[in-house]
Amino acid sequence: MPTQETTTSNSARTHQLKSKLPNVGTTIFTVMSTLAAERGAVNLGQGFPDFDCDPKLVNAVTDVMKRGLNQYPPMTGVPVLREAIAAKVATLYGQNYNANTEITITAGATQAILTIILAVVHPGDEVIVLEPCYDSYVPNIELAGGTVVRVPLTPGTFRPDFDKISAAITSKTRAIIINSPHNPSGTVWTEADMLKLQNILASTEVLLISDEVYEHMVFDGQRHVSAARFASLAARSFIVSSFGKTYHVTGWKIGYVAAPAALSAEFRKVHQFNVFTVNTPMQHGLASYMADDRPYLDLPAFYQRKRDLFRGGLAGTRFKLLPCEGSYFQSVDISQVSDLSEADFCKWLTTEVGVAAIPLSAFYGNGFDQHVVRFCFAKKDETLRAALERLARL
């Protein structure tokens, strides 16, 4: 007969779980942000603004709250916001989505991507990811029981290699994930790129997950080439965007998915049990704010000025500047600065120079190190100048 001491000990025993994500630990973004805070470094690592959004947007949400619109909205999102999104997409990209059946409001783009993958990927299905890639893609595929097929973007230029993409497609390929403008490299897919992809996928049943959260950050007179612009791609695509990125409110965690009705129906089956619905007053406030298209139409110029400020300051250092065609990230080659690994260099830079960056190796499954690190320039001008003053030592 067990003693009281034994019984108590057994009841307090920690149960060992078999991890569904055994290779996942604390993300590099958390690690570098923590180190930056500890060292008082200027944090150009994690990708979010350090400036406020437009007060008009806050006021729009506040007004909605005061009007009492604080209960559950429809699972798919409030109609007025879905209609505003459909109108914007039609105007910018020429694709008409039905606001009732083909636009769904999500709790940010990350939730949207997870929900898409859970909705369409079955155990054993293959999903192509183009590395370097946003760090949620691979764990999402693994959680769905899918097999990750990694295809590298061309080192140095980060352009898509369509021969490698085509060779990676098999009878098991369920989907491919693309991201333009691209995090972390800042490259932008061209119309020719999208047409090549359309041609490769034409004879397949492969779905396209198009991560377009930086759609309004394309520079030097270029335009964002959405998958929605191409009928054949749009017919097989889940297109993801983010209000957080567009309106400088990353903490609000609101995005959306545009997809044909049949794909949206499957997406919504998971969405309703994943999050069910999204913050009501913010949805109404965003819908009201979208009546003015200037905030997103003016965004390319806004961020291009910051990009140019930052690039101009870095030009006096030994960093080799890589092209930045879009997004709010600037990648640099550190080969002439240090022979440390990317990860060790970022730790050294944060600790000794006082500026935090992110190693591109963190965006590769095998930790591929090409001596490139990423800075985020979605910061106040004074923040960028403070960082540049420190980086000038290099």
Kindly indicate whether residue 349 is farther than 30 Å from residue 128 by Cβ and either in the same structural domain as residue 48 (by TED's automatic domain parsing) or crowded, with 16+ Cβ neighbours inside 10 Å (or both).
yes
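Could you tell me whether any residue of region 338-346 is acidic (Asp, Glu), farther than 15 Å from residue 387 by Cα, out of contact with any strand residue (DSSP E or B) (no Cβ under 6 Å at 6 or more places or on another chain) and assigned to a helix (DSSP H, G or I)? Give the steps one after another, and end with the answer.
First, pick out the residues of region 338-346 that are acidic (Asp, Glu): 339, 342, 344.
Going one step further and asking which of them are farther than 15 Å from residue 387 by Cα, we end up with 339, 342, 344.
Next cut, out of contact with any strand residue (DSSP E or B) (no Cβ under 6 Å at 6 or more places or on another chain) only: 339, 344.
Now restrict to residues that are assigned to a helix (DSSP H, G or I): 344.
Scanning region 338-346 turns up at least one residue that is acidic (Asp, Glu), farther than 15 Å from residue 387 by Cα, out of contact with any strand residue (DSSP E or B) (no Cβ under 6 Å at 6 or more places or on another chain) and assigned to a helix (DSSP H, G or I).
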Counting only residues that are in a helix (DSSP H, G or I), within 21 Å of residue 259 (Cα to Cα) and aliphatic (A, V, I, L, M), how many does region 49-86 have?
5
Under 30 Å from residue 21 (Cβ atoms) and free of Cβ contacts under 8 Å to residues at least 24 places away in the same chain: does that describe residue 55?
no
Only one of 92, 130, 44 is in the same structural domain as residue 307 (by TED's automatic domain parsing) and under 28 Å from residue 159 (Cβ atoms). Can you tell me which?
44
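Among the candidates 327, 331, 341, which residue alone is under 22 Å from residue 158 (Cβ atoms) and free of Cβ contacts under 8 Å to residues at least 40 places away in the same chain?
Values: 327 fails: free of Cβ contacts under 8 Å to residues at least 40 places away in the same chain; 331 fails: free of Cβ contacts under 8 Å to residues at least 40 places away in the same chain.
Result: 341 is the single residue among 327, 331, 341 that is under 22 Å from residue 158 (Cβ atoms) and free of Cβ contacts under 8 Å to residues at least 40 places away in the same chain.
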Test set (1) touching a residue at least 24 places away in the same chain (Cβ under 8 Å); (2) at negative phi - residue 371 fails condition number
(2)
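Yes or no, residue by residue, for (1) outside the structural domain of residue 224 (by TED's automatic domain parsing); (2) more than 27 Å from residue 180 (Cα to Cα); (3) buried (at least 24 other Cβ atoms within 10 Å of the Cβ); (4) modelled with pLDDT of 95 or more:
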position	(1), (2), (3), (4)
324	yes, no, yes, yes
367	yes, no, no, no
379	yes, no, no, yes
386	yes, yes, no, yes
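Which ones in region 113-158 are over 30 Å from residue 330 (Cβ atoms), aliphatic (A, V, I, L, M) and touching a Lys or Arg at 6+ places or on another chain (Cβ under 8 Å)? Before you say what the answer is, go through the steps one by one.
Narrowing region 113-158 to residues over 30 Å from residue 330 (Cβ atoms): 115, 118-126, 142-147.
Okay, now just the ones that are also aliphatic (A, V, I, L, M), so 118-121, 143-144.
Scanning region 113-158 gives 119, 120, 121, 143.
The values are calculated or read from the model by the stated rules, or taken from the named source; none is laboratory data. Just so we're clear, the structure is a prediction, and the values are computed from it rather than from any experiment. For neighbour counting, all protein chains shown are included, and Cβ atoms are generated from backbone atoms with ideal geometry for every residue, glycine included.
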